[in-house]
Amino acid sequence: MGLRVFLVEDNPVMREYLAQVLWIEAEVETVGTAETETQARQWLALNPTAWDIAVVDLCLKEGSGAGVVDFCRNRQADQALVVMTNQDVLPLLQRCKLLGADAVYDKTTELDDMVAYCIGMAVEGATGLVWH
């Protein structure tokens, strides 16, 4: 089974782009999406083990990606959480790291790095290595 990603992104074009890039580059399957903090929390509550990595935009139509990160605080050890943003919100990014985000990326300049991170997870999973 390949890597399963849950995408929390309010921009439908960016959400579709991320899903396509992750599938094409590493056969990462998008198992769920959300546009708001409330939708994300609901999906995560109903699907606590259905994902391997959550990619969360910090600024959403409703709520905040930081709220989603906080909701995932007690996730399984093998589940990763990545935060993205295209805004200069350093205090919120630092808070996300404190809440347990595994990585934080700037969508405008580090999107390739975020995709590489996900590809690395997919490769590790395919070879049986445990990702931390």
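The values are calculated or read from the model by the stated rules, or taken from the named source; none is laboratory data. All figures in this text were calculated on a predicted structure; none of them were measured in a lab. Here Cβ is always computed from backbone atoms with ideal geometry, including for glycine, and neighbour counts include all displayed protein chains. These accessible areas exclude ligands, DNA and RNA; they are computed on the full protein's heavy atoms, side chains included. Shrake-Rupley method; radii C 1.70, N 1.55, O 1.52, S 1.80 Å.
Computed values, structure above
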read-out: Percent RCO, i.e. relative contact order, over the chain, from Cα pairs under 8 Å lying at least 6 residues apart; value: 25 percent
read-out: Positive minus negative residues near Thr30 (Lys, Arg vs Asp, Glu; Cβ under 12 Å); value: -3
read-out: Extension gain from Glu16 to Gln42, taking 0.36 nm per residue of separation minus the Cα-Cα distance; value: 7.3 nm
read-out: Long-range HN-HN contacts of Val104 with modeled amide H, under 5 Å; value: Val83
read-out: The chain - percent of accessible surface contributed by carbon and sulfur, probe 1.4 Å; value: 52 percent
read-out: Table column - 3J(HN,Hα) (Hz), the range 54-62, Karplus curve with 6.51, -1.76, 1.60, x for Gly and Pro; value: 10, 10, 10, 6, 6, 9, 10, 4, 9
read-out: Amide H contacts of Arg75 (H built 1.01 Å from N, under 5 Å, at least 5 apart or other chain); value: none
read-out: For the range 33-49, Karplus couplings with θ = phi - 60° (6.51, -1.76, 1.60), whole Hz, Gly/Pro x; value: 9, 8, 9, 10, 4, 4, 4, 4, 4, 4, 4, 5, 5, 7, 9, x, 10
read-out: Cα gyration tensor shape for the chain, rounded if a/c is under 1.5, else prolate or oblate; value: rounded
read-out: Heavy-atom accessible area ranking, 1.4 Å probe, most first, across Arg41, Arg15; value: Arg41, Arg15
read-out: Exposure ranking of Cys59, Cys72 by accessible area [1.4 Å probe, largest first]; value: Cys59, Cys72
read-out: Net charge dipole size for the chain [Lys, Arg +1 and Asp, Glu -1 on Cβ; Debye, nearest 20]; value: 440 debye
read-out: Packing-based ranking, highest mean first, of 48-57, 73-82, 94-103, 4-13 given that Cβ atoms within 10 Å are counted; value: 48-57, 4-13, 94-103, 73-82
read-out: R0 of 25 Å, Cβ-Cβ distance Ala116-Ala50: FRET efficiency to nearest 0.05; value: 0.55
read-out: Accessible-area order (highest first, 1.4 angstrom probe) of the listed residues Asp113, Asp70; value: Asp113, Asp70
read-out: Nonlocal amide H pairs with Ala80, under 5 Å, H built at 1.01 Å; value: Ile53, Ala54
read-out: Relative contact order [Cα under 8 Å, 6+ residues apart], the range 1-70, whole percent; value: 41 percent
read-out: Accessible area in square angstrom per residue, the chain, 1.4 angstrom probe; value: 52 Å²
